[in-house]
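Enquirer: Let me give you the structure first, and then I'll get to my questions.
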Amino acid sequence: MSIVSRRTLFALGTALSVCVALPAFAHHGWGWTSEEFFELEGTLTDLYIGQPHPTLTLNDGETDWTVELAPVGRTLASGFDETVVAIGDTVVAHGHRSTDEAEYRMKAVRLVIGDATYDVYPQFAAELDQ
């Protein structure tokens, strides 16, 4: 194989890798969220603890919201898991909602369930206490 062929093959492989990875970066980032903090209180209707991010579905009395949490390890490290909440519980989520107001989705940095607080992104949740 000539040098030109190897370079071309390497460039194509690199481009393909970037194209495959971009949707994952877009999903995992914060680019889709507003800068302002947002608070959502609702009834838990669904819970998923798994990859790529745990999610909750909260109903605010009118609409079902998707609430994305931190990656699984961080979420579990906060003390939040399926044993601390049950379908039907009231949950308050603090974080940032989607910039698309037609999309009922937010990324939570803190969850409050009863008297318990779970900071899934403690570095950002600390801003709520200031």
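Enquirer: Taking the stretch 89-130 only, how many residues are under 21 Å from residue 52 (Cα atoms), assigned to a helix (DSSP H, G or I) and either more than 17 Å from the chain's Cα centre (by Cα) or not polar (S, T, N, Q) (or both)?
Expert: 3
Enquirer: So, in the stretch 35-48, exactly how many residues are within 18 Å of residue 112 (Cβ to Cβ) and not in a strand (DSSP E or B)?
Expert: Residues in the stretch 35-48 being within 18 Å of residue 112 (Cβ to Cβ) and not in a strand (DSSP E or B): 1 in total.
Enquirer: In the stretch 46-68, how many are out of contact with any Leu (no Cβ under 7 Å at 6 or more places or on another chain) and either more than 14 Å from residue 82 (Cβ to Cβ) or among the aliphatic types (A, V, I, L, M) (or both)?
Expert: 10
Enquirer: Only one residue in 99, 63, 90, 83 is over 16 Å from residue 44 (Cβ atoms) and among the hydroxyl-bearing types (Ser, Thr, Tyr). Which one?
Expert: Checking each option against the conditions leaves just 99.
Enquirer: Taking the condition free of Cβ contacts under 8 Å to residues at least 12 places away in the same chain and surrounded by fewer than 21 Cβ atoms within 10 Å (Cβ to Cβ), does residue 39 pass?
Expert: So residue 39 fails the test.
Okay, residues lined up against (1) within 20 Å of residue 91 (Cα to Cα); (2) among the hydrophobic types (A, V, I, L, M, F, W, C); (3) modelled with pLDDT under 50:
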site: 9; (1), (2), (3): no, yes, yes
site: 27; (1), (2), (3): no, no, yes
site: 30; (1), (2), (3): no, yes, no
site: 35; (1), (2), (3): no, no, no
site: 38; (1), (2), (3): yes, yes, no
site: 50; (1), (2), (3): yes, no, no
site: 57; (1), (2), (3): yes, no, no
site: 67; (1), (2), (3): yes, yes, no
site: 70; (1), (2), (3): yes, yes, no
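Enquirer: Determine which single condition residue 123 fails, assuming it passes every other condition in (1) free of Cβ contacts under 8 Å to residues at least 24 places away in the same chain; (2) surrounded by 14 or more Cβ atoms within 10 Å (Cβ to Cβ); (3) not hydroxyl-bearing (Ser, Thr, Tyr).
Expert: The single condition residue 123 does not satisfy is (2).
Enquirer: In addition: So, residue 74, is that one in a helix (DSSP H, G or I), modelled with pLDDT of 95 or more and among the basic types (Lys, Arg) or not?
Expert: It is true that residue 74 is in a helix (DSSP H, G or I), modelled with pLDDT of 95 or more and among the basic types (Lys, Arg).
Enquirer: Is there any pair with a first residue in the stretch 49-67 that is assigned to a loop (DSSP other than H, G, I, E, B) and a second that is among the aliphatic types (A, V, I, L, M) whose Cβ atoms are under 6 Å apart and which are 6 or more apart or on different chains, and what are they?
Expert: 53/69; 54/69
The values are calculated or read from the model by the stated rules, or taken from the named source; none is laboratory data. Not measured: the values here are computed from a predicted model. A quick note on method: Cβ atoms are made from the backbone with ideal geometry, for glycine too, and the neighbour counts reach across all protein chains shown.
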